[in-house]
Amino acid sequence: MEVTREGYRIAGPGGVEVLERCDWGRPVARLAELADRTPEGLTVVVDSANGLLDAPLAAAGIPVLRADPPVLADGGATAEALADLGRSRPGALAALPSGGWTMSGREEEIAAADRASAPVERQLVCAGRMLAGGDGAGPLVALTFDDGPHPEFTPRVLDVLERHDAPAAFFCIGLNALAHPGVVRRIARAGRTLGNHTWSHAYLPDVGPNGLALQLGRTREVLAEACGDDRPVRWLRPPYGGRSPQLLRTVDALGLITVLWDVDAKDWSRPGPAAIAERVLGRVRPGSVILLHDGGGDRSQTVAALPAVITGLRDRGYRIVDLDTLLAATGRPGPG
């Protein structure tokens, strides 16, 4: 399975199929159909430039193998190359556990890269080129949503935000924005902030310069096309919060502001609306950046929890603001 500028490419025994301008639901449904027709079973091979399909494929009962660098060729291997690896060297690939996550097995490596990034992060935060959350910028907090746009859940999130007059930022995956440009337009027209969450939910430290340019550039282009203008998308959230010193410097040189978080609602685990709200309200602090999700799966619990999150924050004396306001409140220079 390969992600491309048009959508998805599936290479299998029957040849190559191209599924264009669609979100993850269509390729997952197609692979489930192929699995039903394959008596010997079906295994899907992805690389770490594709973090969209592991969970829904696991839910469909389809095994997933992940090809790590050096197989990943500066932004992604072809569907044909991944299929060949699955046939010839399955033991060299990482089997993703059912209910696990895309980068399973690489936790120590990722944690080491995060630690090595700390000095650069401090420099960028002090220069107003990064938001990490919880920096004490007064009783202000920001709501952020990842992995959309989704045709059902993003509009429902927007409805709640409108009823409560609450700003928020939406970090969009390019492939989902390509499939649902109308939802992107609604986000922009509602005055909410649009952010870049890469083309295919890639672990960015794995991709080289060409891969990074494709992941960020394609997403920027699709968001601009959906909005019908050339408004800049200045905010980047790296999937999984994945970063390295070189990546952070490169992103800064591109004029983007990296946004991490300090409050993770973990709504993706679907613990129930009350647990989502409790997790946010129990961990919030001045200057917090709160991580929620409007895409990537069933986000009905997030929608149900959101009114309690908003009213609970305000009852505790917090003002919900957009990213520009939060950055300005830090007293740091910010973008020129």
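Between ARG316, ARG237, ARG283, the residue with the greatest mean-square fluctuation in the GNM of the chain (Cα pairs under 10 Å linked by springs) is ARG316. Charged neighbours of VAL309, selected by a Cβ distance under 12 Å, balance to +1 (K, R count +1; D, E count -1). Counting Lys and Arg as +1 and Asp and Glu as -1 over every other residue whose Cβ lies under 10 Å from the Cβ of ARG106, the net charge comes to -4. Exposed loop sites, defined as GluC sites (Glu not before Pro) outside DSSP H, G, I, E and B with at most 16 other Cβ atoms within 10 Å, are absent from the longest region of the chain, namely 153-336.
May I ask you to give the percent of accessible area on segment 280-333 that is carbon plus sulfur, with a probe radius of 1.4 Å? The C+S portion of the solvent-accessible surface of segment 280-333 is 44 percent. Were the residues from ALA127 through VAL18 laid out at 0.36 nm apart, the gain over their Cα-Cα distance would be 34.9 nm.
For the set TRP261, TRP101, TRP199, TRP268, the ranking by accessible area, highest first and with no ligand, DNA or RNA atoms included, is TRP268, TRP101, TRP261, TRP199 under a 1.4 Å probe. If the chain between ALA328 and ALA304 were fully stretched, how many nm would it gain, using 0.36 nm times the residue separation less the Cα-Cα distance? So the extension gain works out to 5.6 nm. Residues of segment 29-43 with an amide N closer than 20 Å to a point placed 7 Å from the Cα of SER88 along the Cα-to-Cβ direction: 43.
With R₀ set to 45 Å, the beta-carbon distance separating ALA253 from ASP315 gives a calculated FRET efficiency near 0.60. Computed extension length for ARG285-HIS164: 41.5 nm, one decimal, from 0.36 nm per residue of separation with the Cα-Cα distance subtracted. With K and R counted +1 and D and E -1, the other residues having a Cβ less than 13 Å from that of GLY7 yield a net charge of +1.
Looking only at the chain, where both bridge partners belong to it, what percent of the DSSP beta bridges are antiparallel (to the nearest 5)? Counting only bridges with both partners in the chain, antiparallel ones make up about 30 percent.
Normalised by the number of residues in segment 1-144, what is the relative contact order in percent for Cα pairs under 8 Å and 6+ residues apart? 20 percent. Its DSSP H runs of at least 4 residues, each contributing -39,500 (n - 2.57), put the calculated 222 nm mean residue ellipticity of the chain at -12500 deg cm²/dmol, to the nearest 500.
Distance between the C-alpha centres of segment 211-277 and segment 86-101: 27 Å, rounded to the whole angstrom. Take every pair of alpha-carbon atoms less than 8 Å apart whose residues are at least six positions apart; their mean separation over the length of the chain yields a relative contact order of 22 percent.
The values are calculated or read from the model by the stated rules, or taken from the named source; none is laboratory data. Source: prediction; values computed, not measured. Glycine also receives a Cβ, built like all others from the backbone with ideal geometry; neighbour counts cover every protein chain displayed. Side chains are part of the model used for accessible areas, which takes the heavy atoms of the whole protein and leaves out ligands, DNA and RNA. Shrake-Rupley method; radii C 1.70, N 1.55, O 1.52, S 1.80 Å.
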